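The values are calculated or read from the model by the stated rules, or taken from the named source; none is laboratory data. Note that this is a predicted model, so its numbers are computed, not measured. All Cβ positions, even for glycine, are placed from backbone atoms using ideal geometry, and neighbour counts span all protein chains on display. When the accessible area is computed, the model is the full protein with side chains, heavy atoms only, and any ligands, DNA or RNA have been set aside. Shrake-Rupley method; radii C 1.70, N 1.55, O 1.52, S 1.80 Å.
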Amino acid sequence: EVEVESIKAKPVWVVLLHAAGHFAGVVVENGTKVLASKSFHRYVVRKKQGGAQSANDSTNGKAKSAGAQIRRQMEKMLREEIGELLKSWRSHLDRASRIFVSISKPNMSIFFGDEDTLSKKDPRLRRVPFPTRRPTVKEATATAARLATAHVQTREAYDAARRAAAAEERAKAAAAAASSKAAAAAAAAA
């Protein structure tokens, strides 16, 4: 009953997504009405090698190439832009009943580096409990809508779905076993 009351109160939520040089944030009311939104993108990922420049620097030492220097500068700019945005959204953050974040653990300092803006100890803070796509305003808005949606199913439907998933897993295992058995037979015949 408490949750029903909080929905009637039109809660404000903040959703912040970050991955691979992309950032998106939205402030939503009632899970669907967007009050504010912003996204940034910076070139920080090493082409054809994957991973951020800072991750490569910590693993292999600081690279001296021009591209590495550009990526480092872009990472710094992205951190600063996100910090400025969070400061400008101070009123939204103060009003929010929940703050959802999706960010890798090594990059947590981007959101929580300045304790005045956002604190890891904030009781309103939650991690997004499912994988998200590339951070865009559209994805952040869809994430907020998904978080605000409750799916209810009967016990019978739940049990049927579990049985179907288990049968599918057994079929995959049987197909894999048959495939490896056929490959072994072909190798023995050759």
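Cβ-Cβ contacts under 8 Å between residues 6 or more apart (or on different chains), taken from a first residue in the stretch 131-142 that is under 16 Å from Gly21 (Cβ atoms) to a second residue that is in a helix (DSSP H, G or I) and of a type in the set (Asp, Glu), are listed as Thr132/Glu139; Arg133/Glu139.
Go over the candidates Thr136, Thr149 one by one and state the one that is hydroxyl-bearing (Ser, Thr, Tyr), in contact with a strand residue (DSSP E or B) (Cβ under 8 Å, 6 or more places away or on another chain) and either open to solvent by 50 Å² or more (accessible area, probe 1.4 Å) or modelled with pLDDT under 90 (or both).
It is Thr136.
Any residue in the stretch 73-84 that's crowded, with 16+ Cβ neighbours inside 10 Å: show its pairings with residues that are outside any helix (DSSP H, G or I) and of a type in the set (Asp, Glu) at Cβ separation under 9 Å, as long as the two are six or more apart or on different chains. The qualifying pairs are Gly83/Asp114. Pairs meeting the criteria (first residue in the stretch 101-114 and free of Cβ contacts under 8 Å to residues at least 40 places away in the same chain, second residue open to solvent by less than 60 Å² (accessible area, probe 1.4 Å) and part of a loop (DSSP other than H, G, I, E, B), beta carbons under 8 Å, at least 6 apart or on different chains) are Phe112/Leu118; Phe112/Ser119. Would you check if there is a residue in the stretch 129-140 being within 17 Å of the chain's Cα centre (by Cα), closer than 17 Å to Phe40 by Cα and among the acidic types (Asp, Glu)? Looking through the stretch 129-140, at least one residue is within 17 Å of the chain's Cα centre (by Cα), closer than 17 Å to Phe40 by Cα and among the acidic types (Asp, Glu). Note on the stretch 69-123: residues that are of a type in the set (Lys, Arg) and outside any helix (DSSP H, G or I) total 3.
Hey, does the stretch 52-65 have a residue that's at pLDDT 80 or above, assigned to a helix (DSSP H, G or I) and either of a type in the set (A, V, I, L, M, F, W, C) or open to solvent by 30 Å² or more (accessible area, probe 1.4 Å) (or both)? Taking every residue of the stretch 52-65 in turn, none turns out to be at pLDDT 80 or above, assigned to a helix (DSSP H, G or I) and either of a type in the set (A, V, I, L, M, F, W, C) or open to solvent by 30 Å² or more (accessible area, probe 1.4 Å) (or both).
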